[in-house]
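**Q** Have a look at the structure that comes next, please.
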Amino acid sequence: MDLPESARQMRRHGDRGCEDIALQTDSLEQINEDLARANEYLETEIAKRWQFEASLRKAEREKAAILNGIAGVCVIHVDPELRILWANSVLCEKLGCPLTTLEGQPCYKAVFGRDCPCLECTVRAALRTGSIQQGEQALPDGTTWLICSNPIQEENGQVSGVIRTALDITERKQMEERLARSAAELRQANEALRESTARAEAANRAKSAFLANMSHEIRTPMTAIMGFADLLTDEADLGEVRDAVKTMKRNSDHLLGLISDILDLANLEAGNLPLQRAACSPVETVRDVLRAMQVRAEAKRLAMACHYRHPMPIAFRTDPARLRQILVNLVGNAIKFTDTGGIRVMVRVDSSGSESQMCFDVIDMGIGIPSNYIHDIFEPFFQGDESTIRQYGGSGLGLSIARRLARAMGGDIHVRSRPGEGSTFTLALPSGNLQDVPLLNESPAQLVDSDDKRIAASKTTRVEGRVLLVEDGLDNQRLIRLILQKAGAKVAVAMNGREALEQAWPELQQDHSAGDASEPFDLILMDMQMPVMDGYEATRELRRRGYTGPILALTAHAMTHDRQKCLDAGCDEFIAKPIDRDQFLSTIAHFLPAPPVQCPPK
Ligand code: ADP
């Protein structure tokens, strides 16, 4: 059926409307989808923002926890107008108000109660320069603070605020001041110590110089006294004169011992006593000592014996002369402080410790030592009670020197004693490695014979050759010439170094009176202290001119360094005044070309 036109038109409109609706529905659906997507996006963004804000808050809490937790450090965050943005709990507690009160206040007012910032405000400097500012700040309340203002720089380079930390360093400062004060006091004390040490050293040098001078002054006349006493002992016929001369000699020996002790003590105190190290026979040394002390023991009717605990090394390395000196002192004391009975010396090797030791026990049956001063006897000048001093005399130097020597040699001296029963002094010295040292298994009796012969021989040592004696002292000149001539030498004398040069080099000499110019001197005995030209200069000059013969220094300067001074000048040996005739002759004989002639004893 055909529809009327109007109806067809309506149908056409209706169809188009439907199409439009369909189209609009599509676009609405599209919009819906877009909206859903936008919603989803927004929700994710919001979630992200929440997360970000949460992490920001967490960071804030962590920052606060860190900044609150730095013990004793006040932290404050200010903006460019110096207004407080945040302060840590340390500062809040210190100021006694909560953070909320501080926030927004100018920091100079809230913290220091000022109306304006101070001139040296590090916060302002950090804001101005954009760099960290550090310094110390002393407050009127007496406290001192270590300040650090740290600028917060934005990406565009602008400073948006400052974190200022302040640490109370008052205690540290006080400690530093105290330390500085004590360092200054210490410096002062050191200075004073240096001054007093310098004074003490100067005094010590003066003392040493005095001792050396005194020693020289005393030794020079003693050379003559002792030497002539020696010669007179041989010559004097009358018993009384002989006794008198022997008394002179004994007393001179004693005086010389005393001078040597005082010199030794001075040298030891000045750390000026060089020690030798050489192979030393313990058996021979003890024998020598006992033989030397025999006369004293016999005078008191004391028996002397020596025991060796075998096997005994034939030698060990030590300073033989000092070992002898120590033993002489110990045996001398044993004899001195024993009135009846005897003295025993026991020689043994003690291997019980980590290092083996050579031990010498000097055992006496004497008065013994009370326990209350058994340690004091090693102090210089200590001599026990008054009655002991009165009865036995002495200087109180021997043991202190002996112990210091023993210690300088790496050992020591110990004592055991019972009053009324006797004492045992033990000298222990490091024996060194004895592995390759031959051992003695029994006491070598033949040593006694050879020692006896040697001692007997030394009394009659003869010397041959021409000796130039350079000596200005007339007494000593006569004495030494006499000793040398009696022993067989031809002697020429020079009064000083200049004369010695003239006589040793006749071509320089105007007056040839002093000897046969064609015959060179076999030995020159040179006193070191003389007028015109001293022995040092003369020796140096002789050596410079090519004199190769022996020059032996003869001097009353008996300090250790004096010996070295003589050797340095060119001398071959050093003989200290006063001379011991036998020792003197055997030293001379050693340097003369022909071996000394040994005469049989008369
Ligand atoms: P001196 O014997 O010249 O007085 P020492 O230093 O040798 O000096 O001795 C110091 C002191 O030690 C002596 O005065 C004495 O009282 C005591 N003494 C030393 N050795 C012995 C000993 N063998 N017996 C008893 N007393 C001793």
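**Q** When you check Gly410 against the structure, is it in contact (Cβ under 8 Å) with a residue 24 or more places away in the chain, part of a loop (DSSP other than H, G, I, E, B), open to solvent by 30 Å² or more (accessible area, probe 1.4 Å) and out of contact with any Leu (no Cβ under 6 Å at 6 or more places or on another chain), yes or no?
**A** It is false that Gly410 is in contact (Cβ under 8 Å) with a residue 24 or more places away in the chain, part of a loop (DSSP other than H, G, I, E, B), open to solvent by 30 Å² or more (accessible area, probe 1.4 Å) and out of contact with any Leu (no Cβ under 6 Å at 6 or more places or on another chain).
**Q** Regarding the stretch 118-133, can at least one residue be identified that is surrounded by fewer than 17 Cβ atoms within 10 Å (Cβ to Cβ) and in a strand (DSSP E or B)?
**A** no
**Q** A further question on this structure: Got a number for residues in the stretch 369-426 being of a type in the set (Gly, Ala, Ser), closer than 25 Å to Ser260 by Cβ and near the ligand (Cβ under 8 Å from one of its atoms)?
**A** Residues of the stretch 369-426 that are of a type in the set (Gly, Ala, Ser), as a first pass: 371, 384, 387, 393-396, 398, 400, 402, 406, 408, 410-411, 417, 420, 422-423.
Then drop every residue that is not closer than 25 Å to Ser260 by Cβ, which leaves 384, 393-396, 398, 400, 402, 406, 408, 410-411, 423.
Narrowing the set further to residues that are near the ligand (Cβ under 8 Å from one of its atoms) leaves 384, 393-396, 398, 400, 402, 423.
Total satisfying the criteria: 9.
**Q** Between a first residue in the stretch 321-335 that is over 17 Å from Val347 (Cβ atoms) and a second residue that is within 11 Å of the ligand (Cβ to nearest atom), which pairs have beta carbons less than 7 Å apart while being 6 or more apart in sequence or on different chains?
**A** Asn333/Gly398; Ile335/Ile343
**Q** Within the stretch 71-81, is even one residue open to solvent by less than 90 Å² (accessible area, probe 1.4 Å) and over 27 Å from Cys116 (Cβ atoms)?
**A** Yes, the conditions are met somewhere in the stretch 71-81.
**Q** Does the stretch 419-430 include one or more residues that are more than 46 Å from the chain's Cα centre (by Cα), more than 30 Å from Ser354 (Cβ to Cβ), modelled with pLDDT of 90 or more and not in a loop (DSSP other than H, G, I, E, B)? Step through it out loud before you land on a result.
**A** Taking the stretch 419-430 and keeping what is more than 46 Å from the chain's Cα centre (by Cα), we get none.
Looking through the stretch 419-430, none of the residues is more than 46 Å from the chain's Cα centre (by Cα), more than 30 Å from Ser354 (Cβ to Cβ), modelled with pLDDT of 90 or more and not in a loop (DSSP other than H, G, I, E, B).
**Q** Under the condition of being within 14 Å of Ala266 (Cα to Cα) and open to solvent by 80 Å² or more (accessible area, probe 1.4 Å), which residue from the stretch 181-234 is nearest to the chain's Cα centre (by Cα)?
**A** Glu201
**Q** Sticking with this structure for a sec: Do we find that Leu265 is without any contact (Cβ under 8 Å) to a residue 40 or more places away in the chain, closer than 30 Å to Arg205 by Cβ and of a type in the set (A, V, I, L, M, F, W, C) in this structure?
**A** No; evaluated as a whole, the condition is false for this residue.
**Q** I need the full set of residues from the stretch 380-407 which are among the charged types (D, E, K, R) and exposed (fewer than 14 other Cβ atoms within 10 Å of the Cβ), in order please. Give the steps one after another, and end with the answer.
**A** Looking only at the stretch 380-407, we keep the residues that are among the charged types (D, E, K, R), and these are 385-386, 390, 403-404, 407.
Answer for the stretch 380-407, where residues must be among the charged types (D, E, K, R) and exposed (fewer than 14 other Cβ atoms within 10 Å of the Cβ): Asp385, Glu386, Arg390, Arg407.
**Q** Can you go through Asp385, Asp364 and tell me which one is among the acidic types (Asp, Glu) and free of Cβ contacts under 8 Å to residues at least 24 places away in the same chain?
**A** Asp385
The values are calculated or read from the model by the stated rules, or taken from the named source; none is laboratory data. All of these numbers come straight from a predicted model, not from anything done at the bench. Here the Cβ is made from the backbone with ideal geometry for all residues, glycine too, and neighbour counts use every protein chain on show. Only protein heavy atoms, including side chains, enter the accessible area calculation; ligands, DNA and RNA are left aside. Shrake-Rupley method; radii C 1.70, N 1.55, O 1.52, S 1.80 Å.
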